[in-house]
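To start, the structure itself, in C-alpha cells.
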Amino acid sequence: MEIPFAESYKIKMVEPVRKSTREQREQWLKEAHYNVFQLKAEQVYIDLLTDSGTGAMSDRQWAAMMLGDESYAGATSFYKMKDTITQITGFEYVLPTHQGRAAENVLFSVLLKEGDRVPGNSHFDTTKGHIESRRAFAIDCTVDIAKDTQLEAPFKGNVDIAKLEKELAENHAIIPFVIVTVTNNTAGGQPVSMRNLREVAALSKKFNKKVVFDSARFAENAYFIKMREEGYKDKSIKEICREMFQYADAMTMSAKKDAIVNMGGFIATNRQDWYDAAKVKGIVYEGYLTYGGMNGRDMNALAVGLEENTEFETLETRIKQVEYLAQKLDEYGIPYQRPAGGHAIFVDAPKTLTHVPKEEFPAQMLTIELYLEAGIRGCEIGYLLADRDPITRENRFDGLDLLRLAIPRRVYTNNHIDVVAAALKNVFDRRESVTHGVKIVWEAELMRHFTVELEPIG
Ligand SMILES: *Cc1c(COP(=O)(O)O)cnc(C)c1O
C-alpha cells in the first residue's frame with residue numbers, strides 16, 4: 001500500500017473552538033450588520049476570514065521569542081531578522097514596519113504623488129487604498145485568463161505584458177514604478193511565473209521604471225514555480241526566491257503571511273536612495289529604524305518563520321491542505337477559481353448563487369449563508385471589496401465576485417476542512433432558494449468592506 005501524505009509537523013499546543021446554534025448565529029450576524037468582520041471571534045467555529053497573522057508559530061519560533069532583544073536601537077533581534085531577509089532576498093537595506101500596509105505607506109510616501117499611475121497585476125486592497133488615497137491610480141494589468149475561474153492554467157496571477165507595455169508607452173511620464181503582487185491574492189492566490197517576473201523586469205527597464213514586489217506570499221509563489229515551471233523542479237525554494245527578487249528593486253512584505261508571525265512587516269531594497277528617503281518616513285510613522293513597530297521578540301520570530309517557510313516541506317504541507325479542500329469541492333461540483341490557490345479557495349459566487357443579481361452582492365450573500373450554515377467565517381473578495389470608482393463613484397462590477405476561504409497556516413486539521421466542505425455543499429444544494437442578496441446601509445469611502453453595514457433584501 002502506498003504511504004499517504006501527512007503534515008510535516010506534530011501538534012503540542014491546542015486551543016478549543018466553539019460550536020453554536022443556527023438561532024445564535026442569526027442573532028449575532030444581525031448584530032454584526034451582516035458583515036462578518038464585525039462578528040466576535042468566539043462566535044465563529046472555523047475561522048477562514050484570513051490567513052493573515054492567524055498562523056501557528058513553531059516551537060523554534062516560540063523559543064526565539066524568549067531571546068528577543070528589546071533594546072530601542074541596534075537590537076540583536078533586528079540584525080537576526082535583517083540577515084535572514086538579506087540571505088533569502090538578496091536585499092541589503094531592511095526597514096521594519098508593523099505590518100504590510102505600513103510598509104506600503106512608508107514606501108509610497110516616498111515614491112508616489114497625486115495623479116501618478118501604478119500598473120501591475122491585481123493590486124491588493126490596502127495597496128490600492130494607499131495608491132488611491134494619494135489620488136493616484138492603480139492600473140490592473142492582470143492576464144485576462146484570471147477572470148475565467150473555470151480555466152485551468154498554471155500562472156493565472158501573471159502580468160499581461162502587452163497591457164503593461166501599452167500602459168508604459170502611453171503614460172511613462174506619470175508612472176513612478178510597477179508593482180507585482182506575489183502570489184496574486186486578489187486573482188485567487190494565483191502564482192506569477194519566473195518568466196513573467198523576468199519579462200516585467202526587462203520591460204520596466206526599457207522604460208526606465210523600477211519594480212516593487214508586494215511579497216506577502218512570495219514563498220508560496222516560489223513553491224508553485226518549483227512545481228509548475230520548466231527548469232525549476234530541482235531548485236530549492238530558497239534558490240527560487242533569490243532569483244525572483246533579482247527582478248525587483250524593492251519589496252514590501254506583510255510578514256503575517258509567509259513569515260508566519262502574528263504581526264510584522266518590512267521594506268527591503270538594494271537602492272540606497274529609496275532606503276534613505278524611506279528611513280525618514282519610517283521613523284515618523286513606525287518607529288526607530290531597528291524596530292519599526294515590532295518588538296524584539298517579534299523580529300526574532302519573524303526571522304525563524306521566514307527561514308522555516310522557505311523550506312519545501314513546510315510549503316508542501318500548507319498548499320496540499322488547500323488542494324484537499326479543492327478536491328472536496330470538485331467532488332461536490334462547486335465552482336471555484338481553478339486551479340486551487342496557495343493560501344485559499346475562492347468560490348465563484350455568481351456561478352453559485354445564480355439568482356442573486358450583482359447589485360445585491362452574491363459573494364457577500366454566500367459568505368452570510370456559509371456562516372449561518374455552520375459558523376464558518378469566510379471573506380468576500382468581490383464587489384464590496386472592489387470599492388467604488390474614485391471618479392464616477394459607481395460600484396465596480398467588472399472584476400470577480402468571490403467568497404474566499406483562507407486557510408491559516410498550521411492551524412486546522414483536514415477534519416476541519418471536511419466540515420467546511422460539507423457546509424458549503426449544503427449551501428450549494430439549496431442555492432436555487434437563495435434569490436436575494438444584501439443592500440448597503442452604511443459604507444466608508446475607502447476599503448469599505450471592513451466596516452460596511454448591510455441589510456438583507458426581501
Ligand atoms: C495582507 C496583504 C497586504 C497588507 O498586509 P497587512 O500585513 O495586512 O497590512 C498587502 N499585500 C498583500 C498581497 C497582502 O496579502
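The values are calculated or read from the model by the stated rules, or taken from the named source; none is laboratory data. Everything quoted here is computed from the prediction, not taken from an experiment. Note that we place each Cβ from the backbone using ideal geometry, even for glycine, and neighbour counts take in every protein chain shown. The area values use the complete protein model at the heavy-atom level, side chains included, leaving out ligands, DNA and RNA. Shrake-Rupley method; radii C 1.70, N 1.55, O 1.52, S 1.80 Å.
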Q. Does at least one position in segment 62-74 carry a residue that is assigned by TED's automatic domain parsing to the domain that holds residue 214 and in contact with a Lys or Arg (Cβ under 7 Å, 6 or more places away or on another chain)?
A. yes
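Test residue 345 against the stated conditions and say whether it is touching a residue at least 40 places away in the same chain (Cβ under 8 Å), farther than 19 Å from residue 262 by Cβ and assigned to a helix (DSSP H, G or I). Full working, then the answer.
Details: touching a residue at least 40 places away in the same chain (Cβ under 8 Å): yes; farther than 19 Å from residue 262 by Cβ: yes; assigned to a helix (DSSP H, G or I): no.
The answer is no for residue 345.
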**Q.** Subset of segment 172-209 [open to solvent by 20 Å² or more (accessible area, probe 1.4 Å) and assigned to a loop (DSSP other than H, G, I, E, B)]
**A.** 176, 186, 207, 208, 209
Q. Would you call residue 210 in the same structural domain as residue 91 (by TED's automatic domain parsing) and away from the ligand (no atom under 16 Å from the Cβ)?
A. yes
Q) Which pairs have Cβ atoms under 9 Å, sit 6 or more apart or on different chains, and link a residue in segment 126-139 that is in the same structural domain as residue 102 (by TED's automatic domain parsing) to one that is within 16 Å of the ligand (Cβ to nearest atom) and among the aromatic types (Phe, Trp, Tyr)? A) 127/108; 130/108; 131/108; 134/108; 136/108
(Q) Please go through (1) surrounded by 13 or more Cβ atoms within 10 Å (Cβ to Cβ); (2) in a helix (DSSP H, G or I) for residue 24 and return the number of the only condition it doesn't satisfy. (A) (1)
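Looking at segment 371-391 only, could you name the residues that are at pLDDT 95 or above and in a loop (DSSP other than H, G, I, E, B)? Let's see the steps before the verdict.
Step one: filter segment 371-391 for residues at pLDDT 95 or above, giving 371-380, 383-384.
Scanning segment 371-391 gives 375, 378, 383, 384.
Looking only at segment 214-236, decide whether some residue is over 18 Å from the mean Cα position of the chain (by Cα) and within 16 Å of the ligand (Cβ to nearest atom). Walk me through it before giving the result.
Residues of segment 214-236 over 18 Å from the mean Cα position of the chain (by Cα): 226-236.
Keeping just the survivors that are within 16 Å of the ligand (Cβ to nearest atom) gives none.
Checked segment 214-236: no residue is over 18 Å from the mean Cα position of the chain (by Cα) and within 16 Å of the ligand (Cβ to nearest atom).
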**Q.** Checking residue 334 against (1) assigned to a helix (DSSP H, G or I); (2) away from the ligand (no atom under 16 Å from the Cβ); (3) in contact with a Ser or Thr (Cβ under 8 Å, 6 or more places away or on another chain), the condition it does not meet
**A.** (1)
Q: Give just the number: which of (1) touching a Leu at 6+ places or on another chain (Cβ under 9 Å); (2) part of a loop (DSSP other than H, G, I, E, B); (3) under 24 Å from residue 273 (Cβ atoms) does residue 149 not satisfy?
A: (3)
Q) Going by the conditions given, is residue 389 of a type in the set (D, E, K, R), more than 30 Å from residue 234 (Cα to Cα) and crowded, with 21+ Cβ neighbours inside 10 Å? A) no
Q. Cβ-Cβ below 7 Å, separation at least six or inter-chain, first residue in segment 248-261 and within 8 Å of the ligand (Cβ to nearest atom), second of a type in the set (Phe, Trp, Tyr): which pairs?
A. 255/266
Q) Do we have any residue at all in segment 263-274 that's among the acidic types (Asp, Glu) and open to solvent by 40 Å² or more (accessible area, probe 1.4 Å)? A) yes
**Q.** Enumeration of residues in segment 84-135 that are near the ligand (Cβ under 10 Å from one of its atoms) and among the aromatic types (Phe, Trp, Tyr)
**A.** 124
Q | Qualifying positions in segment 222-237 - of a type in the set (Lys, Arg) and open to solvent by less than 50 Å² (accessible area, probe 1.4 Å) | A | 226
**Q.** Which numbered condition residue 106 misses (of (1) farther than 24 Å from residue 336 by Cα; (2) surrounded by fewer than 24 Cβ atoms within 10 Å (Cβ to Cβ))
**A.** (2)
Q) Which residue, of 400, 446, is part of a loop (DSSP other than H, G, I, E, B), open to solvent by 60 Å² or more (accessible area, probe 1.4 Å), touching a Gly at 6+ places or on another chain (Cβ under 9 Å) and under 30 Å from residue 259 (Cβ atoms)? A) 446
Q: Within segment 403-427, track down each residue that is surrounded by fewer than 22 Cβ atoms within 10 Å (Cβ to Cβ) and either part of a loop (DSSP other than H, G, I, E, B) or not assigned by TED's automatic domain parsing to the domain that holds residue 363 (or both).
A: 408, 410, 411, 412, 413
Q | Pair list, Cβ < 7 Å and 6+ apart or interchain, from segment 70-84 residues that are in contact (Cβ under 8 Å) with a residue 60 or more places away in the chain to residues that are part of a helix (DSSP H, G or I) and of a type in the set (Asp, Glu) | A | 84/307
